[in-house]
Each structure stands twice: as C-alpha cells, then as structure tokens.
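Student: Can you read through this structure? Questions will come right after.
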Amino acid sequence: MDAFPKCSVCQQQFTFKGSAPYLLPCLHAVCETCVTSAAGGVISCSTCQREVNLTDTSLQKDVVRQKEICHLTAKHRPTELLCTHEDDGNQALSWCQECEELLCEYCQNMHNRFKATRRHVVVTLTDTTLGSMYAESVCKLHNRYPLEYFDKNCNSLLCAECKLGEHADHDVADLNVAVDAAKGRIEEHEKNVSAYRISHQAYLERISKAINDTKKTSSDLKQAIRHTFHSLRTQLDQRERELTIDLENLENQTKHELSNLHSEQVTSHDESERYKCTSNYIETALSYASNWDFLTLESSIQDATEMYLTSLPTDSYDAPATTFNTSGLDKLKSDISEFGSICANGSDQDNGTQTDGSGSHLTDAESKQEGVLNYNWTLLEPTLTGAS
C-alpha cells in the first residue's frame, strides 16, 4: 500500500515486523538496517539531502510512525498481525493496551479469565482508531493507578503514588496541563510551517508565471518581426537576416534567464516538499502521538521547524520590458516610396522623383505595428531591448 511510510535512505516501506523506524533531525524516517549499516557513520537523507553524523547525533525510535504502521497494518494488512502472547502463529484479533500484546481468539479468552488481566482494555483490531494502540493507561509500578502527572525533572509520567514517593521534590505538573501545553506548541509549529509552505507555493507560482511570460514574450517578438517584414520581404531580406541574428542573441539571453528560473524553480520546489514533509509529519504526530510522545517529540519538532523557518527566500523578481523597436519604419517607407523613379528618354535622373500613390506598401494591420512594440515582464530582471 502506498499509504505506508518509507525509509528516507533505502526507500523501502516500513512493515509491522520489519526494520524499526528511527527519527532523523529533519523529521524523516530511516530504518534500523540503514542506521546500522551507515557508511562512515553518516546517513544522507534522500528526501531533503541533509547528512546526519551518527557519532554526534543519537537517533530515537520513531514511535509515531511505529504506531502509524501498526494502525495501517491492522487496517490494510490484518493477516500480517500474529498473536504475540504465545507466538503460536495464530492471526491476532485484538490488542491489549496495558500488556502491549496482540492476542488471538484463544489468548484473548484466556486473558479475560485471569484476574490480573481481566480488567485490561482490549481493543478489537477492526475497531482500532488513530492513537488507540500503544496508549499509556496505568502506572507499571503501581498497577491500576492512572498516570496523571508529568515530572519535568525526570521527563517521565507519574501516578499519584509516584508523585508522593521518590518524585516528591521534583517539578511535577498535571499531565493534562503539560500535554495541552506541549500539544499547543507543536500545533503552533505546524501553523508556522504551513504558513511558510504557502509562501513558498506563491513563490513557485511567481516563478512559473515568469517562465511563461518569458516564453510568450519571445514568441510575440518573433511574430512581430515576421509581420513587420512580410510586405517588404523581397527588398529587405538582408535586413531581416540581420535582425534575426539580433533576435537570436536576445534569445540566448532569454535562454540564460530561463535556465536561472528553472534552477530556482527546482530549488524552491525541493524546499516546498521539505516543508510539506515536515508539516505532514507534524499532522501525523498530532493524530498518532500519545501524551508521552508529545512531550518527547516537542524538542525535535521545534528544532526541525526552526531549521526551515529561516530559509524562505526574500528576493523578488521585477519584470523588465522587452521591445522590438520599429521607430525607423516611417523613414524606411519614405525611402522605398522614393526609390525607382521613372527616367524620361532613358536619361538618368537622381533628383529623387516620387512615384504616384506615395509608394505605401503596408496594409492597415501593418501600419498598426508602427512605433514600439512593448511586452512587460513584471517579475524578471534585467530589461532586454531589441535592436531597432
């Protein structure tokens, strides 16, 4: 299924029984196999091209994606979930949150009979929802006592007994208050990343528009030149060739500008994808993470978010105006109308006698092309001006 997350190094999908996912500082996932086999202790994330030196960075297991994989497996590949209580190879039908075990029908019946486990919360796999698996419920030291507090000193969840015991002198907060605060800060990170992602999308759209306008301008200039010289083709072949050469030089500048724009487009698109991946991971964390996960993930998500928030380009493109100047057209028409005088008696006359009809060779449509043909680029620099 395409919905399953993939390793950012080997691109293999994570599976329930496969290599465990680890969380990179960029919030992408890497499988345990790639972590243990990293050449020189360096991992290169193929999604965002960032390198991580494992000697300087300690990776933690990606518990959010583990829960996502478990949920997706229960939804799309239930036959892959086998009983973990007895490892008898039977297909699992339910999940015990407190034992953190998959149970087949037989083990579930036995589980419900024992006094120690009959009150455990058992969820049928077909009824699992986002975040319902691996949920912390009761204290493992003081059975049946709910986890109601968070110890900021130990960075751990506590029950009332734990709070009054060895954690009595620690900075302890109500669990719901601590979780709401951490979740709120993570949601704020998600809003910031989403806002920058929208800004980058607008930036990409401006680049796309600049590329389209550049191509259209080049096309319009070619059409203007062909139209202007259509009626004068037999007399102005040489001049047309000269102007075509000028246009080719202009096109070389245009190609260079397009190359720069395409490069900027690819770079900005990659940045947008990184924001998207970060935003998607935060959304996934908000869906799958438990109370403990919110508290342990906050620092990683904050670091990854701050790493991106300063990368939005501030440059903007101001469009130049590219012109095909026809300001000398009137003089050219006058010269043509005076050219080819009729000589009486075969005598040569060089007095510039004008022929009847003023020698106008341009149609009304062509006359409208006189002056300067302008096309403005509103996003790009520098200004490209065609030869007159």
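The values are calculated or read from the model by the stated rules, or taken from the named source; none is laboratory data. For clarity, every value in this text was computed on a predicted model and none was experimentally measured. Cβ atoms come from the backbone with ideal geometry, glycine included; neighbour counts cover every protein chain shown. Calculation scope for accessible area: heavy atoms of the full protein, side chains included, ligands and nucleic acids excluded. Shrake-Rupley method; radii C 1.70, N 1.55, O 1.52, S 1.80 Å.
Student: Could you give the C-alpha radius of gyration of the range 178-308 expressed as a fraction of 2.2 N^0.38 Å, taking N as the number of residues it contains?
Tutor: The reported ratio for this selection is 1.83.
Student: Of the chymotrypsin sites (Phe, Trp or Tyr not before Pro) in the range 88-127, which ones lie in a loop per DSSP and count no more than 14 other C-beta atoms within 10 Å?
Tutor: Hits after loop and neighbour filter: F114.
Student: What percent does the relative contact order of the range 137-258 come to when contacts are Cα pairs within less than 8 Å and at least six residues apart? If you can, show how the numbers build up before the last one.
Tutor: On the way: 76 pairs, mean separation 17.1, N = 122.
Reported as a whole number, the value is 14 percent.
Student: In the structure shown, do any of K222/K333; K17/K276; K17/K152 have a Cα-Cα gap over 25 Å, and if so which?
Tutor: From K222/K333; K17/K276; K17/K152, over 25 Å: K17/K276; K17/K152.
Student: Follow-up question, since we're still on this one. State the percentage of accessible surface on the range 1-114 attributable to carbon and sulfur atoms; use a 1.4 Å probe and exclude ligands, DNA and RNA.
Tutor: Reported share for carbon and sulfur atoms: 46 percent.
Student: For the range 33-48, in order, what is each residue's ³J(HN,Hα) by Karplus, 6.51 cos²θ - 1.76 cosθ + 1.60 with θ = phi - 60°, in whole Hz (x at glycine and Pro)?
Tutor: 4, 5, 5, 6, 9, 4, 5, x, x, 10, 10, 10, 6, 6, 6, 10
Student: Accessible area per residue of the range 74-222 at 1.4 Å probe, in Å²?
Tutor: Here the per-residue accessible area is 58 Å².
Student: What lysines could a cross-link reach from K331, if we take a straight Cα to Cα line under 16 Å and drop same-chain neighbours fewer than 8 places away?
Tutor: In chain and number order, the partners are K368.
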